[in-house]
Amino acid sequence: MTIAPEEDRLNAQISFAIEIDKLKRIIRRNHLIDGSRRENTAEHSWYVGTLAMVLGEHAPPGTDLQRVVAMLLVHDLVEIDAGDTFIYDPVEVAAQAEAERAAADRIFGLLPADQAVWVRELWDEFEARKTPEARFAKALDRFAPILANHHTEGGTWPLFKVKASQVREKVRIIEEGSPSLGAYALELVELSVARGHLSE
């Protein structure tokens with residue numbers, strides 16, 4: 001029995017849909033802002049995508065916010081294979097790029113060819129941070145954990161002995177995508193230091 005091309009395409013899309021459900025089981029270090037539990041990566045992706053809509057006025061003029069949202073929805077799908085990388089762990093960060101590229105090849109490759117190319121382009125653009133959209137998306141990706149840690153008395157910072165200087169480095173990435181959000185994030189960092197939730 002021959003499978004019609006449109007049926008073949010749908011089967012590929014459904015395979016991808018089933019595969020990305022696994023993102024819900026990838027647990028991140030950050031806690032929810034209410035401190036009740038750690039968040040999973042699917043929740044993080046939804047959250048930063050929503051932030052892109054709500055905080056869009058803080059993006060550079062002319063930024064395509066729909067593209068930013070799409071980028072944020074797919075940016076961490078690679079964690080299904082590669083896991084969550086703790087950005088303050090140099091050993092994990094050193095191994096991240098290769099593991100995530102291999103994951104992108106496999107996971108996005110489940111889609112029909114045209115969609116695989118489109119989603120991979122979004123992911124590559126996010127990683128390269130060369131467009132206003134990618135820089136704003138990355139800014140939100142870095143902003144969300146700072147916001148969460150600030151509102152959970154330091155959250156993961158004291159737990160993993162993260163220093164204020166390390167967090168300020170991440171704020172620079174936020175500033176690249178949104179000067180106003182970068183300034184706000186820096187205020188949170190300094191306030192966290194003043195309250196003893198983040199050490200110098």
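The values are calculated or read from the model by the stated rules, or taken from the named source; none is laboratory data. The model shown is predicted, which means the values in this text are computed figures rather than measured ones. Cβ atoms come from the backbone with ideal geometry, glycine included; neighbour counts cover every protein chain shown. Quick note on the areas: whole protein, heavy atoms, side chains included, nothing else; ligands and nucleic acids left out. Shrake-Rupley method; radii C 1.70, N 1.55, O 1.52, S 1.80 Å.
Quick look at the numbers
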| quantity | calculated |
| --- | --- |
| Selection count where residues are assigned to a helix (DSSP H, G or I) and more than 12 Å from Glu100 (Cα to Cα), scope the stretch 56-84 | 13 |
| Flag if Ala128 is surrounded by fewer than 13 Cβ atoms within 10 Å (Cβ to Cβ), free of Cβ contacts under 8 Å to residues at least 24 places away in the same chain and under 20 Å from Val48 (Cβ atoms) | yes |
| Flag if Leu73 is surrounded by 14 or more Cβ atoms within 10 Å (Cβ to Cβ), free of Cβ contacts under 8 Å to residues at least 40 places away in the same chain and in contact with a Ser or Thr (Cβ under 8 Å, 6 or more places away or on another chain) | yes |
| Hits in the stretch 177-200 - residues which are surrounded by fewer than 17 Cβ atoms within 10 Å (Cβ to Cβ), under 16 Å from Leu55 (Cβ atoms) and touching a residue at least 24 places away in the same chain (Cβ under 8 Å) | Ser180 |
| Top-ranked residue of the stretch 26-68 - restricted to ones that are more than 20 Å from Glu92 (Cα to Cα) and polar (S, T, N, Q), ranked as surrounded by the most Cβ atoms within 10 Å (Cβ to Cβ) | Thr63 |
| Unique residue being open to solvent by 80 Å² or more (accessible area, probe 1.4 Å), assigned to a helix (DSSP H, G or I) and more than 15 Å from Asp76 (Cα to Cα) when the list is Arg168, Arg172, Arg106 | Arg172 |
